[in-house]
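Take a look at the structure below.
The values are calculated or read from the model by the stated rules, or taken from the named source; none is laboratory data. This is a predicted model, so every value here is computed, not measured. Neighbour counts run over all protein chains shown; Cβ positions are idealised from the backbone, glycine included.
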Amino acid sequence: MGKVIIQTDRAPEAIGTYSQAVKIGTTVYLSGQIPLLPETMTMISEDFQDQAEQVFKNLSAVCEAAGGELQDMVKVQIYLTDLGQFAVVNEVMAKYFEQPYPARAAIEVSALPKGAQIEIDGVMELPSTN
């Protein structure tokens, strides 16, 4: 199976040597999204909740471009510059996912690109077309 590169203007363009997502078969590997507005490539705000919401919007756009939806994600990795914001992440995530929830990891890091407070990447499994 060949890999298919996923790209959408509804999410921030890649700011390095990577693709927004790569699809192999029915599995889609999503690159990390930070809270950039796709139209301007600027940070949505300094407010953590705003940043978390924007990250999920960006992920949703990439999932849709790949032929799925956020609910099809089976694993998410959340990177935070302050693990104390984890409760906010749970609140925001509850707006975007319903059960069954994806597997998840949350990791505190010292810094993220462009000064973001949150970044999320993950894996999506598309419904089989067979």
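Looking only at the range 8-28, filter to residues that are more than 20 Å from residue 44 (Cβ to Cβ) and among the hydrophobic types (A, V, I, L, M, F, W, C); which one of those is nearest to the chain's Cα centre (by Cα)?
Result: 21.
When you go through 74, 62 one by one, which is the residue that is modelled with pLDDT of 95 or more, assigned to a strand (DSSP E or B) and closer than 20 Å to residue 125 by Cβ?
Unique residue meeting the criteria: 74.
Filter the range 108-130 for residues that are hydrophobic (A, V, I, L, M, F, W, C) and assigned to a loop (DSSP other than H, G, I, E, B); which is surrounded by the fewest Cβ atoms within 10 Å (Cβ to Cβ)? Even if it seems obvious, please write down each step before you answer.
So the first thing to find is which residues in the range 108-130 are hydrophobic (A, V, I, L, M, F, W, C), and the list is 109, 111-112, 116, 118, 120, 123-124, 126.
Within this subset, residues satisfying the condition of being assigned to a loop (DSSP other than H, G, I, E, B) are 109, 111-112, 116, 126.
Numbers: 109: 12, 111: 10, 112: 17, 116: 21, 126: 16.
Per the criteria, the residue is 111.
Residue under question is residue 86, and the condition is that it be over 22 Å from residue 27 (Cα atoms), in contact (Cβ under 8 Å) with a residue 12 or more places away in the chain and among the aromatic types (Phe, Trp, Tyr); does it hold?
Working: over 22 Å from residue 27 (Cα atoms): yes; in contact (Cβ under 8 Å) with a residue 12 or more places away in the chain: yes; among the aromatic types (Phe, Trp, Tyr): yes.
Yes.
Listed here are the residues, each with its yes/no results for (1) of a type in the set (A, V, I, L, M); (2) surrounded by fewer than 16 Cβ atoms within 10 Å (Cβ to Cβ).
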| site | (1), (2) |
| --- | --- |
| 50 | no, yes |
| 65 | yes, no |
| 68 | no, no |
| 90 | no, yes |
| 96 | no, no |
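Do the conditions hold for residue 75, that is, is it in contact (Cβ under 8 Å) with a residue 40 or more places away in the chain and touching a Pro at 6+ places or on another chain (Cβ under 8 Å)?
yes
Just the residues that are of a type in the set (Ser, Thr, Tyr) and either outside any loop (DSSP other than H, G, I, E, B) or in contact with a His (Cβ under 7 Å, 6 or more places away or on another chain) (or both), please, taken from the range 16-33. Before you say what the answer is, go through the steps one by one.
Filtering the range 16-33 for residues of a type in the set (Ser, Thr, Tyr) gives 17-19, 26-27, 29, 31.
Once the filter is applied, which keeps residues that are of a type in the set (Ser, Thr, Tyr) and either outside any loop (DSSP other than H, G, I, E, B) or in contact with a His (Cβ under 7 Å, 6 or more places away or on another chain) (or both), the range 16-33 yields 27, 29, 31.
I'd like the residue in the range 1-15 that is in contact (Cβ under 8 Å) with a residue 40 or more places away in the chain and assigned to a loop (DSSP other than H, G, I, E, B) and, out of all such residues, is farthest from residue 68 (Cα to Cα).
Of everything passing the filter in the range 1-15, 15 is farthest from residue 68 (Cα to Cα).
When you look at residue 85, is it more than 11 Å from the chain's Cα centre (by Cα), surrounded by 14 or more Cβ atoms within 10 Å (Cβ to Cβ), within 21 Å of residue 116 (Cα to Cα) and polar (S, T, N, Q), yes or no?
Working: more than 11 Å from the chain's Cα centre (by Cα): yes; surrounded by 14 or more Cβ atoms within 10 Å (Cβ to Cβ): yes; within 21 Å of residue 116 (Cα to Cα): yes; polar (S, T, N, Q): yes.
Judged against the criteria, residue 85 is a match.
Just one of the numbered conditions (1) in a strand (DSSP E or B); (2) among the small types (Gly, Ala, Ser); (3) touching a Phe, Trp or Tyr at 6+ places or on another chain (Cβ under 8 Å) is not true of residue 105; which one?
It is condition (3) that residue 105 fails.
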